[in-house]
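The values are calculated or read from the model by the stated rules, or taken from the named source; none is laboratory data. Because the structure is a prediction, the values reported are computed rather than measured. Glycine also receives a Cβ, built like all others from the backbone with ideal geometry; neighbour counts cover every protein chain displayed. Ligands, DNA and RNA are excluded from the accessible area calculation, which covers all protein heavy atoms including side chains. Shrake-Rupley method; radii C 1.70, N 1.55, O 1.52, S 1.80 Å.
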Amino acid sequence: MTDIRSFKTAFPETFLKSYQDGVMRYTYRGVRCLKSPVDIAIYMKLLWDLKPNLIVEVGSHSGGSALMLADLATAFQLKPKIVSIDLARPEGVSDDRVTFVEGDVSDLEAVFSRLGLGEIPHPWFVSEDSAHTFSGCLAALKYLASVMTAGDILSMEDGVLDELNLSDRYDGGPNRAIRTFLEEFPGCFEIDTALCDMFGTNATYNPNGYLRKL
């Protein structure tokens, strides 16, 4: 069995509730974004260092995070294809740099095939930030493992649900999916501790959730 380190974040319980309240209210360019500010900072370094040719966001919500990703890419003089996937496209949000498309985390192959994403040169950055269910996260991990190549980065979002006492709603959610996948398929992804621990050990909403393809 693969030895996987603790998923405990660096956030004290007394701090996390107020921090979460702020995250849930956070907007970008007036559109709900719902990203932890610590993870926005991690994203900035990740994008600059990786310089991805493809950015895929699974879970558009209101569209604010896709706008942020597009602006960051432009600021860094990158020109990736940016695709944001959800069951329904966000209303009232559009940007020529972002392809908002309908799709299901449990069948990402359909979207990748429809848009020909597999033909885009690597490296890729994929953010899985959709339903947070164990089954959805595990399905995403299994499919993405088959199409990502060495050096690509996957961000499995919001494992902090455990410490917010919400993981039972999601059948164990992202953390259970990561642990299950890494134990079943050792040597496929590694936990990118340089990203997870940038501000302290798992000082992120995505504990052990920045995964680098091997």
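Just give me the residues in the stretch 84-119 being assigned to a strand (DSSP E or B), among the β-branched types (Val, Ile, Thr) and either touching a Gly at 6+ places or on another chain (Cβ under 9 Å) or open to solvent by 60 Å² or more (accessible area, probe 1.4 Å) (or both), in sequence order.
To start, the set of residues in the stretch 84-119 that are assigned to a strand (DSSP E or B) comprises 84-86, 98-102.
Now narrow it down to the ones that are among the β-branched types (Val, Ile, Thr): 85, 98-99, 101.
Within the stretch 84-119, ILE85, VAL98 meet the criteria.
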Output the residues belonging to the stretch 166-214 that are free of Cβ contacts under 8 Å to residues at least 24 places away in the same chain and closer than 15 Å to ILE4 by Cβ. GLU184, THR193, CYS196, ASP197
For the stretch 1-29, how many residues are in a helix (DSSP H, G or I) and among the polar types (S, T, N, Q)? 3
Tally up the residues in the stretch 4-16 that are open to solvent by 70 Å² or more (accessible area, probe 1.4 Å) and at pLDDT below 95, please. 2
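Determine, yes or no, whether ALA41 is assigned to a loop (DSSP other than H, G, I, E, B), touching a residue at least 24 places away in the same chain (Cβ under 8 Å) and either farther than 18 Å from VAL83 by Cβ or hydroxyl-bearing (Ser, Thr, Tyr) (or both).
Values: assigned to a loop (DSSP other than H, G, I, E, B): no; touching a residue at least 24 places away in the same chain (Cβ under 8 Å): yes; either farther than 18 Å from VAL83 by Cβ or hydroxyl-bearing (Ser, Thr, Tyr) (or both): yes.
No: the conditions fail for ALA41.
Looking only at residues that are assigned to a helix (DSSP H, G or I) and among the hydrophobic types (A, V, I, L, M, F, W, C) in the stretch 174-214, which one is most open to solvent (accessible area, probe 1.4 Å)?
Kept after step one, since they are assigned to a helix (DSSP H, G or I), are these residues of the stretch 174-214: 174-184, 193-196.
Keeping just the survivors that are among the hydrophobic types (A, V, I, L, M, F, W, C) gives 177-178, 181-182, 194-196.
Details: ALA177: 0, ILE178: 1, PHE181: 5, LEU182: 15, ALA194: 71, LEU195: 14, CYS196: 0 Å².
Among those residues, the one meeting the criterion is ALA194.
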